[in-house]
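**Student:** Dumping the structure here so I can ask a few things about it.
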């Protein structure tokens, strides 16, 4: 294995552990997105561009977007207040 493959493998393992350990939902989704992008690169290195495109589009794109929309719906992501007061 070359250096790039090993470093991508380590990065994916670190991302998986970080998602399990972190308590902030927004940070978890961002880490999950970066793990999906790293998986896309691995699929490219394995000469499987169809899986790489699918992983980038679904794994990192659509799934993360659905997570963000869900967090917004359950009010885990706070929007801007128009009056400038903080919510409690």
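The values are calculated or read from the model by the stated rules, or taken from the named source; none is laboratory data. Since we're looking at a predicted model, the values are computed, not measured. When we count neighbours, we look across all protein chains shown, and the Cβ atoms used for this are built from the backbone with ideal geometry, even at glycine.
**Student:** Look at residue 6 and say whether it is surrounded by 12 or more Cβ atoms within 10 Å (Cβ to Cβ), assigned to a helix (DSSP H, G or I) and at pLDDT 90 or above.
**Tutor:** no
**Student:** Still on this structure, I have one more. Examine the range 25-32 for a residue that is crowded, with 16+ Cβ neighbours inside 10 Å, under 17 Å from residue 71 (Cβ atoms) and either in contact (Cβ under 8 Å) with a residue 40 or more places away in the chain or touching a strand residue (DSSP E or B) at 6+ places or on another chain (Cβ under 7 Å) (or both), and state whether such a residue exists.
**Tutor:** Taking every residue of the range 25-32 in turn, at least one turns out to be crowded, with 16+ Cβ neighbours inside 10 Å, under 17 Å from residue 71 (Cβ atoms) and either in contact (Cβ under 8 Å) with a residue 40 or more places away in the chain or touching a strand residue (DSSP E or B) at 6+ places or on another chain (Cβ under 7 Å) (or both).
**Student:** I would also like to ask the following. Of the residues 6, 30, only one is within 13 Å of the chain's Cα centre (by Cα) and farther than 16 Å from residue 55 by Cβ; which?
**Tutor:** Unique residue meeting the criteria: 30.
**Student:** Only one of 41, 14 is under 17 Å from the mean Cα position of the chain (by Cα) and surrounded by fewer than 16 Cβ atoms within 10 Å (Cβ to Cβ). Can you tell me which?
**Tutor:** 14
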